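Peer 1: This is the structure I have questions about; it appears just below.
The values are calculated or read from the model by the stated rules, or taken from the named source; none is laboratory data. As the structure is a prediction and not an experimental result, all values here were calculated from the model. Note that each Cβ is placed from the backbone with ideal geometry, even for glycine, and that neighbours are counted across all protein chains shown. Heads up: the accessible areas ignore ligands, DNA and RNA and are worked out on the full protein's heavy atoms, side chains in. Shrake-Rupley method; radii C 1.70, N 1.55, O 1.52, S 1.80 Å.
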Protein chains: 6
Amino acid sequence: MKNVYVTRRARFNAAHKLWNDDWDAAMNQEVFGKCANPNWHGHNYELHVTIKGEPAPETGYCMNLVELKDIIKERVEDPIDHKNLNLDVPFMKGKMTSTEVLIIAIWEELEPAISAKGCRLHHLRLYETENNYADYYGGA
Amino acid sequence: MKNVYVTRRARFNAAHKLWNDDWDAAMNQEVFGKCANPNWHGHNYELHVTIKGEPAPETGYCMNLVELKDIIKERVEDPIDHKNLNLDVPFMKGKMTSTEVLIIAIWEELEPAISAKGCRLHHLRLYETENNYADYYGGA
Amino acid sequence: MKNVYVTRRARFNAAHKLWNDDWDAAMNQEVFGKCANPNWHGHNYELHVTIKGEPAPETGYCMNLVELKDIIKERVEDPIDHKNLNLDVPFMKGKMTSTEVLIIAIWEELEPAISAKGCRLHHLRLYETENNYADYYGGA
Amino acid sequence: MKNVYVTRRARFNAAHKLWNDDWDAAMNQEVFGKCANPNWHGHNYELHVTIKGEPAPETGYCMNLVELKDIIKERVEDPIDHKNLNLDVPFMKGKMTSTEVLIIAIWEELEPAISAKGCRLHHLRLYETENNYADYYGGA
Amino acid sequence: MKNVYVTRRARFNAAHKLWNDDWDAAMNQEVFGKCANPNWHGHNYELHVTIKGEPAPETGYCMNLVELKDIIKERVEDPIDHKNLNLDVPFMKGKMTSTEVLIIAIWEELEPAISAKGCRLHHLRLYETENNYADYYGGA
Amino acid sequence: MKNVYVTRRARFNAAHKLWNDDWDAAMNQEVFGKCANPNWHGHNYELHVTIKGEPAPETGYCMNLVELKDIIKERVEDPIDHKNLNLDVPFMKGKMTSTEVLIIAIWEELEPAISAKGCRLHHLRLYETENNYADYYGGA
């Protein structure tokens, strides 16, 4: 058994704000500070998607990264890139758009598509800025 | 005469869209593509501000970069960071929010404040993404 | 249970040397090479601080990163930044200033302050240069 | 017990192609796409080598990184750098030159030399491009 | 007149060797060192393409970067990416494949296509590694 | 005439402080802030050295970058790396150790050695941190 972890990086640019509809504007401002700007702000997000598996003898691949790239494009980049996370993205409807909640939602979009290829999603990393990022391993 | 060029980097996160109000939605979509998303998108912008001058003998400084940092914060970061470039930023009112137009507007904000300190703004660089950026030298 | 790992990056610039007072200069030179330069050398250190936790439903946050930023500033940046690790930093007194020993000492400074907020420090990464870095998980 | 993980980064530039000799050219093209270009292509590889151990009290080191640097140079950089992975590298003879297979082969070159110093290899990361990389922990 | 300089980054991975056919192997080895490895080596090249112009009032663009991206793809990436610079690339036939010669050849490919759009190519930067790169301004 | 600009990157780690001996400690603290820490601080400096010239037909080189690398090592890295800029570096004796003054001093070290090879030094860039850097073109 020789598991290798293979990662593909993707990028998308999106607008969002941190806002809890159960709170008034003052409370949102107090908790989220400038991230609660009513007219939105935005980020260049960077996503790292890691697959765990053994390399196939005939290809040397854990997974063909072109297939992984296509899954990421269809399931994440197309619905998110150059969009508003709070308003435009079906899988974020009714959710907070913090990096933490977004990375869980992206996992739930990617995991079934990767499993359907017989592969195993192991890890996501999502950079919101060069100073802030989140990691997710499916909840463990 | 020994001119040195000194640069300070700053960062801000903002939402925007590329949209010409004289055109209908279809035309905006055709020209600007996904950058015309009606609900905005956003970026982590990175700004490089370059001063030209001779180092003062008693300090070795062309300009005290703490002063430059403060000017950038007051004139650029405070009005832009975590804001919507189209809606929230006084010096972008009525302007396209392309990187080209934004970098000219930032120059016009910074140049008088830097000149008032007896220093000379030489160059700005503004990254919109890791793949796209603009440079400006005051129009030359 | 859906744990997410959230990271905040910080930076500080410090002088140090690797020197064992029980050894003579020749022995220090032999073991530590140019890192034992008597008049010090220095680095731009980069620190990544990772919190483990479940996002709170009302905020989407594992931990408010502004609070984490403030803890890092008070406990690490203020005592270390623009200082001499061997001479100026109380929590490094009498210790070797290798990246390994420094990362353990930083953990011991940060961990109680993060725990006091009800959060859990999971991981530190400390870059000494672009080619050398250390990771620490509390000793495991 | 206070384990720290210490990493040294190395780089090498090499040519390769992905090609399975049991298949004809059309099949190789179909599976590997442009990576199967008959006349090769190449990469700037970046390798991160991580040692796990407790810092020695007299040095503060898990391992002297100069020794680790020398091992990486002798066992990896000298045989691989500015070479053709398929044709020139003894430890890749008869193997696919995917990132996955290469990282396992590099582990098998480094691990005995690091163990011989009484140290423990914990992790390798190998970047093929800024968008694609592999991690390996000895097969676990 | 307010000229702005706008840059698009592209990347390609290629094999090459430095080899002068007028010299024997020993002379090539002496002059080019490991860059003369007979079986090739390779790089992840990074290309920055800079356009000079005034932003158009109706778009805020000096040039639509999607058009520039398409020109770079057709004229540079398609013929070079995942290819052998010495053997596979029509516009490098009979030329040395140093970074200096390559950047001039790329200019000559890009310049007419950019001019045909009514735009002006100002500057190219070509990274061969993180430590080595070339700049070209059309020969000035 | 087809001038190309070729750059080699180098790095060095050094301690320094900003301190004017004609001033008392309070004045130094006021002007230089935390950069005046009496026990020094330090940086990972990054230096870019750019040569201007026409590629030689037989090599495709403006200058053999191995020769340039050796000059940088002998004239800059050996005297500066892992040293104290204020105390240990002959060519900084009696000078302020600001990035501005340092980049001029490095130019004066490199320029004669590069000229002696028949080549032309065009530009230096010196990063003190990721946020601060200086450029120098020989005083123009």
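Peer 1: Out of all the residues in segment D:82-140, which are open to solvent by less than 30 Å² (accessible area, probe 1.4 Å), in a strand (DSSP E or B) and over 16 Å from A:K2 (Cβ atoms)?
Peer 2: If the condition is that a residue be open to solvent by less than 30 Å² (accessible area, probe 1.4 Å), in a strand (DSSP E or B) and over 16 Å from A:K2 (Cβ atoms), then D:N84, D:N132, D:Y133 are the ones that fit.
Peer 1: Output the residues belonging to segment E:46-65 that are assigned to a strand (DSSP E or B), buried (at least 21 other Cβ atoms within 10 Å of the Cβ) and over 15 Å from the mean Cα position of the chain (by Cα).
Peer 2: Listed by number, the list is empty, since nothing qualifies.
Peer 1: Which of the residues that make up segment C:22-56 are in contact with a Cys (Cβ under 6 Å, 6 or more places away or on another chain) and hydrophobic (A, V, I, L, M, F, W, C)?
Peer 2: C:I51 - this is the single residue of segment C:22-56 that is in contact with a Cys (Cβ under 6 Å, 6 or more places away or on another chain) and hydrophobic (A, V, I, L, M, F, W, C).
Peer 1: I'm trying to understand the selection: among the residues of segment F:1-50, which are out of contact with any Pro (no Cβ under 8 Å at 6 or more places or on another chain), among the small types (G, A, S) and free of Cβ contacts under 8 Å to residues at least 24 places away in the same chain?
Peer 2: F:A26, F:G33, F:A36, listed by residue number.
Peer 1: Next question, about the same structure. Out of all the residues in segment D:14-41, which are in a strand (DSSP E or B) and closer than 19 Å to A:Y61 by Cβ?
Peer 2: The answer is D:A14, D:H16, D:H41.
Peer 1: Given D:K73, D:K69, which one is within 14 Å of the chain's Cα centre (by Cα), within 14 Å of chain E (Cβ to nearest Cβ) and of a type in the set (K, R)?
Peer 2: On inspection, the qualifying residue turns out to be D:K73.
Peer 1: Just give me the residues in segment F:49-66 being facing chain E (nearest Cβ under 7 Å) and of a type in the set (D, E, K, R), in sequence order.
Peer 2: F:E58
Peer 1: Hey, can you tell me all the residues within segment D:66-94 that are hydrophobic (A, V, I, L, M, F, W, C) and over 15 Å from D:I104 (Cα atoms)?
Peer 2: D:V66, D:L68, D:I71, D:L87
Peer 1: Oh, and also: Any residue at all in segment B:95-106 that's acidic (D, E) and either in contact with a Lys or Arg (Cβ under 9 Å, 6 or more places away or on another chain) or facing another protein chain (nearest Cβ under 7 Å) (or both)?
Peer 2: Within segment B:95-106 (the criterion being acidic (D, E) and either in contact with a Lys or Arg (Cβ under 9 Å, 6 or more places away or on another chain) or facing another protein chain (nearest Cβ under 7 Å) (or both)), the answer is yes, since at least one residue qualifies.
Peer 1: State whether one or more residues within segment D:66-79 are among the hydrophobic types (A, V, I, L, M, F, W, C), touching a residue at least 40 places away in the same chain (Cβ under 8 Å), out of contact with any Pro (no Cβ under 8 Å at 6 or more places or on another chain) and open to solvent by 30 Å² or more (accessible area, probe 1.4 Å).
Peer 2: No, segment D:66-79 has no match at all.
Peer 1: Residues of segment B:10-21 being open to solvent by less than 20 Å² (accessible area, probe 1.4 Å) and either more than 21 Å from A:F12 (Cα to Cα) or facing chain F (nearest Cβ under 9 Å) (or both), which ones?
Peer 2: Selection gives B:A10, B:N20.
Peer 1: Checking F:N39 against (1) open to solvent by 10 Å² or more (accessible area, probe 1.4 Å); (2) at positive phi, only one condition comes out false. Which one?
Peer 2: Status for F:N39: all satisfied but (2).
Peer 1: Still on this model: Filter segment D:22-38 down to residues that are within 8 Å of another protein chain (Cβ to nearest Cβ) and touching a Lys or Arg at 6+ places or on another chain (Cβ under 7 Å) and give me whichever is nearest to E:K83 (Cα to Cα).
Peer 2: For segment D:22-38, the residue satisfying everything is D:N37.
Peer 1: A follow-up question, please. Tell me which residues, restricted to segment F:90-115, are touching a residue at least 60 places away in the same chain (Cβ under 8 Å) and in contact with a Pro (Cβ under 7 Å, 6 or more places away or on another chain).
Peer 2: Correct list: F:S98 only.
Peer 1: Related question: Is it the case that E:N28 is over 19 Å from E:P112 (Cα atoms) and crowded, with 18+ Cβ neighbours inside 10 Å?
Peer 2: Criteria met by E:N28.
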